[in-house]
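Only one structure is covered here, and it is reproduced in the block below.
The values are calculated or read from the model by the stated rules, or taken from the named source; none is laboratory data. For clarity, every value in this text was computed on a predicted model and none was experimentally measured. Cβ placement follows ideal geometry from the backbone for every residue including glycine, while neighbour counts extend to all protein chains displayed.
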Amino acid sequence: MEFISSILGTPLGYIINFAYSLTNSYGLAVIIFAVAVRVLFLFPINVFAQKNSIRLLKLQPELGKIKKRFADDKEKQNEEQYNLFKRERYSPFIGLIPLFAQLFFVIGIMQVMLDPMRYLQGVSVSDVDFTFLGINLNVVPSLLNPSLELVMPLLSMGSALVFCLIQNEISPGALSQSKGTNIGLTIVTVALSLYLSLALPVSVGIYWTVSNLMGVVTIFILNTIYNPYKLAPDALEYIKSIRKTPGEIKAERKRITELKLKEKLDVKRFNNAKKELVFYALTGGQYKYYKTLIEYIHSNSDIHIHYLTNDPEDALFEQENPKLIPYYASQKKTISLMLKLDADIMVTTVPDLQSYHLKRSIVREDIEYINVFHAPVSTMMQYKETAFDHFDTVFCIGPHHIEELRRREEMKGLKKRNLVKAGYGLFDELRERYRTFQISANAGNSTENETKKILIAPSWQNDNIFETCIDEILDLLLGRGYLVTLRPHPQFMRLFPERIADIQQRYKRFVEVGELIFECDFSGNESIYTSDLVITDWSGIAYEFVYCTLKPCLFINTPQKIMNPNYESYNIEPMELKIRNKVGISINPDEINEKMTESIEALLNDEDSLREKINGIMDEYVFYPGRSGEAGGRYIIKMVNK
């Protein structure tokens, strides 16, 4: 404290002494002191904070995209946020400097307020009139003995509230934060002002009141000099667009209450149930990867399947199969449920067992954990390196999965897992639906497309086609006699609807003349079935399209999402790289203008000869085409009955 008194107390003491010498009034001296501290010391810090806050404000749209894109992967979210800050040269720690500086000054200010006579030169205590407007500034307000002095804590609290409310509405720092954060800071600030005004002499209350009112003036001055509405208009529009209305907030709270009740009841049922076989899904959409497997088990055994899902809207809650029992639990609750799991077998499409929220049971060590793939992609490039290390059994889609997983075991000295040749149920479902569609179409005397139909269906990973080269592609296709359909990935549509809306607006004239269709309803697959060619980047729709229609793809080699940077050490070419030029043609984004038109014509003109070739290639990379549920189902029935 002596150090602070020397470093800060001395210069601040000169201010209070000078103010008193001008006015010969301690009350006016405190007011002048508060104004001077705000102008001389805190204003430069506020300027620094304003500039820094505007930099953060400008980043809000990008931060929002990162939070949306990696909502289920906090580690990746933090990594991408760090990369953004590094690229834009923004440091969150710099934003803390004004806060710590102001706290440092507050300590020095308190020193002056608590011991004013130490700094008032040439006067004695008897010479100073501590009364101001009928209030004794040198006494501590008392709730036990109410007096006029209690007015000051109320004024201090009220001025703090006014300051916070105005700050929350127009300050760039507050605009960058959530409403909940701003409310929390408001409560803390108001409570602190009230506490200090009640615990310290009335002069402190005067200081806080004047300082808070000066803070309001400072906000307006800074917003005039560094106006966030002029410097970051796009960011403010973005923030405005994501703010929820009171009605939406009320509905959300009601929904949360309902989900908590549903979760409580379902968790109780799950814990009390005698479970042999458990399936776990993050979303309702994951059932399609289990469908053929579950249907085979039900058709060939009396085994009851306990289906735990993190999606309260999962369609399974509407089904009436007594042998398929669904339960809802949030991801957070799933952590404890999995740790206490008591079952014979647990099946999931979720990788990274033991790495994140999904852990092996501490109740039973003999549970068999089975992973089912949700895409036929490489295990060594599209997943984290340890993604499958802790599973006992993996249902492999094709020989590439077995080769990669065995190589992983050899390289790391892992215990050999059960690698079951299971195939891919979704492919079987799609091919069967395509056959049904063809029969229906032929019944209506349908003929081959007179106008060639091209489907553009990108992934939703970073730097996908919609984010890098959609304009170049559309400019080359539209007006060339093709019917083009744009089918965004459902996740991209959910996260970035404004981007789709922007593309729709820019190409509106082609929609009006019937050359371009935007497909934003993902309930059907007609666009996949009727298209002659798909243009994509790294989306799994490529494999679905070529497998069920036996038609080719044009691949755009946008930057690839690589989860394991060490994949090259396996000395195995990943399936998605090996297969691209076997079922179509791949070109780089910078080759679009030069090669795309020629490549499309080559693929469309060679469609018949490619059909047989594609059929052989896909069957080579997928086990048991048409019988995928049988292999996995047989294995599960055998292990449950063991």
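Given Met338, Met411, which one is under 28 Å from the mean Cα position of the chain (by Cα) and assigned by TED's automatic domain parsing to the domain that holds Tyr287?
Met338
How many residues does the range 383-438 hold that are of a type in the set (A, V, I, L, M), over 22 Å from Ile614 (Cβ atoms) and in a helix (DSSP H, G or I)?
Residues meeting the conditions: 3.
Do the conditions hold for Ile242, that is, is it in contact (Cβ under 8 Å) with a residue 12 or more places away in the chain and under 30 Å from Ser53 (Cα atoms)?
So Ile242 fits the description; yes.
Filter the range 124-168 down to the residues that are more than 18 Å from Trp208 (Cβ to Cβ) and either part of a helix (DSSP H, G or I) or within 37 Å of the chain's Cα centre (by Cα) (or both) and list them by number.
Hits for the range 124-168 are Val125, Ser126, Asp127, Asn168.
All but one of (1) at pLDDT below 85; (2) closer than 30 Å to Tyr229 by Cα; (3) touching a helix residue (DSSP H, G or I) at 6+ places or on another chain (Cβ under 8 Å); (4) in a helix (DSSP H, G or I) hold for Leu96; state the number of the condition that does not hold.
Only one criterion in (1) at pLDDT below 85; (2) closer than 30 Å to Tyr229 by Cα; (3) touching a helix residue (DSSP H, G or I) at 6+ places or on another chain (Cβ under 8 Å); (4) in a helix (DSSP H, G or I) is unmet by Leu96, namely (3).
Collect the residues in the range 323-335 that are out of contact with any Lys or Arg (no Cβ under 8 Å at 6 or more places or on another chain), assigned to a helix (DSSP H, G or I) and free of Cβ contacts under 8 Å to residues at least 40 places away in the same chain, keeping them in residue-number order.
Residue satisfying the conditions is Lys332 alone.
Can you pull out the residues in the range 276-299 that are touching a Leu at 6+ places or on another chain (Cβ under 8 Å), closer than 24 Å to Asp366 by Cβ and surrounded by fewer than 20 Cβ atoms within 10 Å (Cβ to Cβ)?
None; the set is empty.
Determine which member of the set Asp302, Asp311, Asp266, Asp234 is more than 22 Å from Lys179 (Cα to Cα) and surrounded by fewer than 15 Cβ atoms within 10 Å (Cβ to Cβ).
Asp302
May I ask you to verify whether Glu450 is without any contact (Cβ under 8 Å) to a residue 12 or more places away in the chain, surrounded by fewer than 16 Cβ atoms within 10 Å (Cβ to Cβ) and in the same structural domain as His374 (by TED's automatic domain parsing)?
Answer is no for this residue.
I need every pair where a residue in the range 295-322 that is at negative phi has its Cβ under 7 Å from the Cβ of a residue that is of a type in the set (A, V, I, L, M, F, W, C) and assigned to a loop (DSSP other than H, G, I, E, B), sequence separation at least 6 or different chains.
Filtered contacts from the range 295-322: Ile297/Ile303; His306/Ala273; Leu308/Ala329; Asn310/Leu282; Asn310/Ala329.
Among residues belonging to the range 580-597 that are surrounded by 16 or more Cβ atoms within 10 Å (Cβ to Cβ) and of a type in the set (Val, Ile, Thr), point out the one that is modelled with the lowest pLDDT.
Among those that are surrounded by 16 or more Cβ atoms within 10 Å (Cβ to Cβ) and of a type in the set (Val, Ile, Thr), it is Val583.
I need the full set of residues from the range 340-358 which are buried (at least 16 other Cβ atoms within 10 Å of the Cβ), in contact (Cβ under 8 Å) with a residue 40 or more places away in the chain and not hydroxyl-bearing (Ser, Thr, Tyr), in order please.
Leu341, Ala343, Asp344, Ile345, Met346, Val347, Val350, Leu358
Here is a yes/no grid of residues against (1) basic (Lys, Arg); (2) surrounded by fewer than 17 Cβ atoms within 10 Å (Cβ to Cβ); (3) modelled with pLDDT of 90 or more:
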{"position": "Cys553", "(1), (2), (3)": "no, no, yes"}
{"position": "Glu568", "(1), (2), (3)": "no, yes, yes"}
{"position": "Ser599", "(1), (2), (3)": "no, no, yes"}
{"position": "Gly616", "(1), (2), (3)": "no, yes, no"}
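Scan the range 374-390 and report the pairs whose first residue is under 15 Å from Leu414 (Cβ atoms) and whose second residue is among the aromatic types (Phe, Trp, Tyr) and in a loop (DSSP other than H, G, I, E, B), with Cβ atoms within less than 9 Å and a gap of 6+ or a chain change.
Note: pairs meeting the criteria are Thr379/Phe373; Thr379/Phe388.
Which of the residues that make up the range 504-542 are surrounded by fewer than 16 Cβ atoms within 10 Å (Cβ to Cβ), in contact (Cβ under 8 Å) with a residue 12 or more places away in the chain and closer than 18 Å to Leu430 by Cβ?
Phe522, Glu526
Please specify each residue of the range 464-482 satisfying the condition of being surrounded by 15 or more Cβ atoms within 10 Å (Cβ to Cβ) and acidic (Asp, Glu).
Glu467, Glu472
What are the residues in the range 183-242 that are under 18 Å from Val47 (Cβ atoms), aliphatic (A, V, I, L, M) and in contact with a helix residue (DSSP H, G or I) (Cβ under 7 Å, 6 or more places away or on another chain), if any?
Met214, Val216, Ile219, Leu222, Leu231, Ala232
Is one or more of the residues making up the range 249-256 under 30 Å from Asp366 (Cβ atoms) and not assigned by TED's automatic domain parsing to the domain that holds Ala71?
For the range 249-256, residues under 30 Å from Asp366 (Cβ atoms) and not assigned by TED's automatic domain parsing to the domain that holds Ala71: absent.
Kindly establish whether Asn605 is surrounded by fewer than 16 Cβ atoms within 10 Å (Cβ to Cβ), over 30 Å from Ile297 (Cβ atoms) and of a type in the set (S, T, N, Q).
yes
Between a residue in the range 194-217 that is under 15 Å from Val139 (Cβ atoms) and in contact (Cβ under 8 Å) with a residue 40 or more places away in the chain and any residue that is assigned to a loop (DSSP other than H, G, I, E, B) and not small (Gly, Ala, Ser), which pairs come within a Cβ distance under 6 Å, given they are 6 or more apart or on different chains?
Correct list of pairs: Leu198/Pro141; Pro201/Asn138; Pro201/Val140; Val202/Leu137; Ser203/Leu137.
In the range 504-588, which helices (runs of 4 or more DSSP H) lie fully inside it and hold 2 or more residues that are hydrophobic (A, V, I, L, M, F, W, C), within 27 Å of the chain's Cα centre (by Cα) and at negative phi?
Where helices (runs of 4 or more DSSP H) fall fully within the range 504-588 and carry at least 2 residues being hydrophobic (A, V, I, L, M, F, W, C), within 27 Å of the chain's Cα centre (by Cα) and at negative phi, they are 541-549.
Let me confirm something: among Ala281, Ala232, Ala199, which residue is under 20 Å from Asp311 (Cα atoms) and of a type in the set (Gly, Ala, Ser)?
Ala281
Can you find a residue that is touching a residue at least 40 places away in the same chain (Cβ under 8 Å), touching a Leu at 6+ places or on another chain (Cβ under 7 Å) and part of a loop (DSSP other than H, G, I, E, B) anywhere in the range 169-178?
Scanning the range 169-178 turns up at least one residue that is touching a residue at least 40 places away in the same chain (Cβ under 8 Å), touching a Leu at 6+ places or on another chain (Cβ under 7 Å) and part of a loop (DSSP other than H, G, I, E, B).
Within the range 220-237, which residues are acidic (Asp, Glu) and in contact (Cβ under 8 Å) with a residue 60 or more places away in the chain?
Asp234
Test of understanding: among Ile170, Ile166, Ile107, which residue is surrounded by 12 or more Cβ atoms within 10 Å (Cβ to Cβ) and either of a type in the set (Ser, Thr, Tyr) or at pLDDT below 85 (or both)?
It is Ile107.
Please specify each residue of the range 19-38 satisfying the condition of being assigned to a helix (DSSP H, G or I) and free of Cβ contacts under 8 Å to residues at least 12 places away in the same chain.
Residues satisfying the conditions are Ser21, Leu22, Thr23.
Quick check on this structure: which one of Ser361, Ser378 is in a loop (DSSP other than H, G, I, E, B), among the hydroxyl-bearing types (Ser, Thr, Tyr), assigned by TED's automatic domain parsing to the domain that holds Leu277 and surrounded by fewer than 21 Cβ atoms within 10 Å (Cβ to Cβ)?
Ser361
Within the range 265-287, how many residues are of a type outside the set (A, V, I, L, M) and within 26 Å of the chain's Cα centre (by Cα)?
7
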